[in-house]
Amino acid sequence: MGAPAAELVNASKRYGEVQALRDVSLIIQPGEVVAMLGPNGAGKTTSISLMLGTRKPTSGTARLFGMSPKDLKARSRIGVMLQESGVPGMLRVEEIVDLFRSYYPAPLPTAAAIKMAGLEEKTRSLVKDLSGGQRQRLYLALALCGNPDALFLDEPTVGMDVEGRRLFLDEIGELAAKGRTVVLTTHYLEEADQLARRIIVIDHGKVIADSTPAEIKARVAGKRMTFSTPSPSDESQLAGLPLKSIQVEGRRVRLLTNEPEQVLRELFRRGVEIHDLEVAGADLEEAFVAMTHREAPQ
Amino acid sequence: MRAAVARPVTAPIWPALVHQTYAEFVKLFRVPAFSVTSIVLPAMFYAFIGLGQAKEPLYRGSTVTFGEYFLASMALYGVANVMVLGFGISIANERGQKQDLLMQSTPLRPIVFFVAKTLSALAIAFMALVVLSLLAVVAGGAHLSAAQWLTLFLRAMVCSLPFVGLGFALGYLAGPNSAPAVTNLIYLPTAFASGLFFPLRLLPQFLQNIAPYLPLYRGAQLVWDAVGAPTEGGSIATAWLYMGAYAVVFFLLALWAYRRDQSRKFN
């Protein structure tokens, strides 16, 4: 067996007074597709920075393919998209892709990398003239052009429109299917759910969950019930029911409960007329909120 | 057992250097605020200050004209200008835009980056020399032997190297907003105080006292000597010695500034 693609061993990171990461250990095996989820400032970007060697752990160790993340041999096997990193605006798209290719031992052809990122029409454009979404695609082309074994994507779809995001996720899904390791951080739960087979939830610098999307959802015990009522709903009709949360928007009612059968029985007994009933397992969003908001005041 | 297949584990250094040098050159050249001022400014100063009296002898009985003498002055001014402003401002800007963050996560070797930046600025400096020389010959009637041209170009280019170090240092010390002001504030007065625009004896006494310790003054001795107009500024060997010492000092300063910046950002 080869070394893990990326590894943190008891890694902590402090910026001055701020403890960004506390004693985090995790192993990402080659071929895994991992999403790191968490609120802003939770430590997602710091975790990635340690794995990439752009930040040094205050204590503990980070390794990339079993080597120091600063080792050129390790860096030659990865491609990265980072939040807020800049690119030279006065280069053309094809020029900068061509430049980045020259950093890697076995790069893809320039045109192939640009095509994978969906930027063919902008090949001759200056980088400074790209829109926000196009710039994200350029970052993807730069991440892909070295034909890397592992991709590290920090908030990759920020600034993309719906269509751009869909193309982007398809592309990442294809790469994952070909056996590339993908590590991405995201705010968007549906992205994590759609792409990843493993989700790491980080909050306050600690890993609070690390498992499959299904298992994370299962951590929020209970079911989500949604139904419509013929007239705008009156919350008093729901009084005394064993509910964990209630959302009423006009005629649409959304409930979270551990005992859906009992809730239904009681609703019928009270003579509440309901349509379009759906009962489903709690989704990732609810699981996430339940896990990360447990100590938040609002 | 795919791992058994031999493939290079890192990229070869030379192609990366060629690509990086091209990219750095294009980055500088496509910014008119930089390329036009760098390439045209020395020639413009030559036209304003030098052309009027270009064909007169430098002093009574001299075989060197004022135009030839001032060509040498502006040659040195021009190349050092590219280095100080080119590096100082472009590096400060790139840091401001966090371009170094993306670079840092690629397997780009820092040495490739620095050599490429130096080569690209040398290319711009060479272009500035060519434009200036054409003007001096065509409009200023400068007449140098082939050996003198060669010596002038070589000395000007070599004399630009200490300023590469100074430019790097300023680029890593100054912020993106203050860089243009800081670099000009340092560079322009020293160019005047070194006698590049007006002969030293016309400057205030205290500047005349400081001048021999300025790198541009020592560089000026070398380029003036190249066109056959040596001044009273000591021997050529001494001038080279000073330039070498300045190169060492400025590059050490640049290295310190670079490390300081890196350890702040990437620790």
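The values are calculated or read from the model by the stated rules, or taken from the named source; none is laboratory data. Bear in mind the structure is a predicted one, so any value in this text is a computation, not a measurement. Glycine also receives a Cβ, built like all others from the backbone with ideal geometry; neighbour counts cover every protein chain displayed.
The requirement of being more than 14 Å from every other protein chain (Cβ to nearest Cβ), in contact with a helix residue (DSSP H, G or I) (Cβ under 6 Å, 6 or more places away or on another chain) and among the aliphatic types (A, V, I, L, M) is satisfied by B:VAL82. Put simply, of B:ALA247, B:ALA156 the only residue that is of a type in the set (Gly, Ala, Ser), touching a residue at least 60 places away in the same chain (Cβ under 8 Å) and touching a Pro at 6+ places or on another chain (Cβ under 6 Å) is B:ALA247. Looking at region B:207-230, can you tell me whether even one residue there is modelled with pLDDT under 90, within 17 Å of B:LEU154 (Cα to Cα) and touching a Leu at 6+ places or on another chain (Cβ under 7 Å)? Looking for residues that are modelled with pLDDT under 90, within 17 Å of B:LEU154 (Cα to Cα) and touching a Leu at 6+ places or on another chain (Cβ under 7 Å), one finds at least one in region B:207-230, hence yes.
The helices (runs of 4 or more DSSP H) found entirely in region B:9-104 include none that carry 3 or more residues being in contact with a strand residue (DSSP E or B) (Cβ under 6 Å, 6 or more places away or on another chain) and at pLDDT below 95. Checked against the criterion of being within 14 Å of chain A (Cβ to nearest Cβ), assigned to a loop (DSSP other than H, G, I, E, B) and buried (at least 21 other Cβ atoms within 10 Å of the Cβ), region B:112-122 contains not a single residue that satisfies it. Against the list (1) over 27 Å from B:ALA47 (Cβ atoms); (2) surrounded by fewer than 16 Cβ atoms within 10 Å (Cβ to Cβ), the condition B:GLY165 fails is (2).
Taken over region B:174-186, the criterion of being crowded, with 17+ Cβ neighbours inside 10 Å and either modelled with pLDDT of 90 or more or of a type in the set (A, V, I, L, M, F, W, C) (or both) is satisfied by B:ALA174, B:ALA179, B:VAL182.
Among the residues of region A:1-33, those that are farther than 13 Å from A:LYS206 by Cα, in a strand (DSSP E or B) and in contact with a helix residue (DSSP H, G or I) (Cβ under 9 Å, 6 or more places away or on another chain) comprise A:ALA6, A:GLU7, A:TYR15, A:ILE28, A:VAL33. Which of the residues spanning region A:1-43 are touching a residue at least 40 places away in the same chain (Cβ under 8 Å) and among the charged types (D, E, K, R)? Of everything in region A:1-43, those that are touching a residue at least 40 places away in the same chain (Cβ under 8 Å) and among the charged types (D, E, K, R) turn out to be A:GLU7, A:LYS13, A:ARG14, A:ARG22, A:ASP23, A:GLU32.
Within the option set B:PHE29, B:PHE48, B:PHE66, being closer than 30 Å to B:THR151 by Cβ and within 14 Å of chain A (Cβ to nearest Cβ) holds for one residue only, B:PHE29. Look at (1) basic (Lys, Arg); (2) within 27 Å of A:VAL263 (Cβ to Cβ); (3) under 19 Å from the mean Cα position of the chain (by Cα) and you find that A:ARG224 fails only one, number (3).
Report, by residue number, each residue of region B:231-252 that is β-branched (Val, Ile, Thr), part of a helix (DSSP H, G or I) and modelled with pLDDT under 95. Show your work before the answer.
So the first thing to find is which residues in region B:231-252 are β-branched (Val, Ile, Thr), and the list is B:231, B:236, B:238, B:248-249.
Subsequent filtering for residues that are part of a helix (DSSP H, G or I) retains B:236, B:238, B:248-249.
Residues satisfying the conditions are B:ILE236, B:THR238.
Pairing residues of region B:64-75 that are crowded, with 24+ Cβ neighbours inside 10 Å with residues that are modelled with pLDDT of 95 or more and among the polar types (S, T, N, Q), at Cβ distances under 9 Å and at least 6 apart in sequence or on separate chains, gives B:GLU68/B:GLN148; B:LEU71/B:SER133; B:ALA75/B:SER133.
Put simply, of A:VAL162, A:VAL158, A:VAL201 the only residue that is touching a strand residue (DSSP E or B) at 6+ places or on another chain (Cβ under 6 Å) and more than 14 Å from every other protein chain (Cβ to nearest Cβ) is A:VAL201.
Checking each residue in region B:216-244 for being surrounded by 20 or more Cβ atoms within 10 Å (Cβ to Cβ), of a type in the set (Ser, Thr, Tyr) and more than 14 Å from B:LEU76 (Cα to Cα) picks out only B:TYR242.
One line per residue, one yes/no per condition, for (1) closer than 16 Å to A:LEU151 by Cα; (2) assigned to a strand (DSSP E or B):
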| residue | (1), (2) |
| --- | --- |
| A:ALA42 | no, no |
| A:SER49 | yes, no |
| A:GLY60 | no, yes |
| A:VAL87 | no, no |
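One residue stands out in region B:32-45 among those that are of a type in the set (Ser, Thr, Tyr) and away from chain A (no Cβ under 14 Å): the one that is nearest to B:ALA123 (Cα to Cα), namely B:SER38.
Looking for whichever is under 26 Å from A:GLY173 (Cβ atoms) and either out of contact with any Pro (no Cβ under 6 Å at 6 or more places or on another chain) or surrounded by 19 or more Cβ atoms within 10 Å (Cβ to Cβ) (or both) here; the options are A:GLU7, A:GLU17. Which one fits?
Values: A:GLU17 fails: under 26 Å from A:GLY173 (Cβ atoms).
After ruling out the rest, the residue left standing is A:GLU7.
For region A:66-104, residues that are of a type outside the set (A, V, I, L, M, F, W, C), within 7 Å of chain B (Cβ to nearest Cβ) and without any contact (Cβ under 8 Å) to a residue 40 or more places away in the chain total 8. Among the residues of region B:38-60, are any among the acidic types (Asp, Glu) and surrounded by 22 or more Cβ atoms within 10 Å (Cβ to Cβ)? No, because not a single residue in region B:38-60 is among the acidic types (Asp, Glu) and surrounded by 22 or more Cβ atoms within 10 Å (Cβ to Cβ).
For region A:266-285, the criterion of being in a helix (DSSP H, G or I), at pLDDT 85 or above and not hydrophobic (A, V, I, L, M, F, W, C) is met by at least one residue. If I filter region A:111-125 for residues that are of a type in the set (Ser, Thr, Tyr) and under 15 Å from the mean Cα position of the chain (by Cα), do I get at least one hit? Within region A:111-125 (the criterion being of a type in the set (Ser, Thr, Tyr) and under 15 Å from the mean Cα position of the chain (by Cα)), the answer is no, since none of the residues qualifies.
Among all positions in region B:14-21, there is no residue which is away from chain A (no Cβ under 14 Å), surrounded by fewer than 17 Cβ atoms within 10 Å (Cβ to Cβ) and under 26 Å from the mean Cα position of the chain (by Cα).
Candidates are the residues of region A:105-129 that are charged (D, E, K, R) and within 14 Å of chain B (Cβ to nearest Cβ); the one that is surrounded by the fewest Cβ atoms within 10 Å (Cβ to Cβ) is A:ARG124.
A search for C-beta distances below 7 Å between a residue of region B:8-21 that is under 8 Å from A:PRO105 (Cβ atoms) and any residue that is surrounded by 19 or more Cβ atoms within 10 Å (Cβ to Cβ), counting only pairs 6+ apart in sequence or on different chains, returns B:VAL9/A:SER76; B:THR10/A:SER76; B:THR10/B:PRO107; B:ALA11/A:SER76; B:ALA11/A:SER102; B:ALA11/A:TYR103; B:ALA11/A:TYR104; B:ALA11/B:PRO107.
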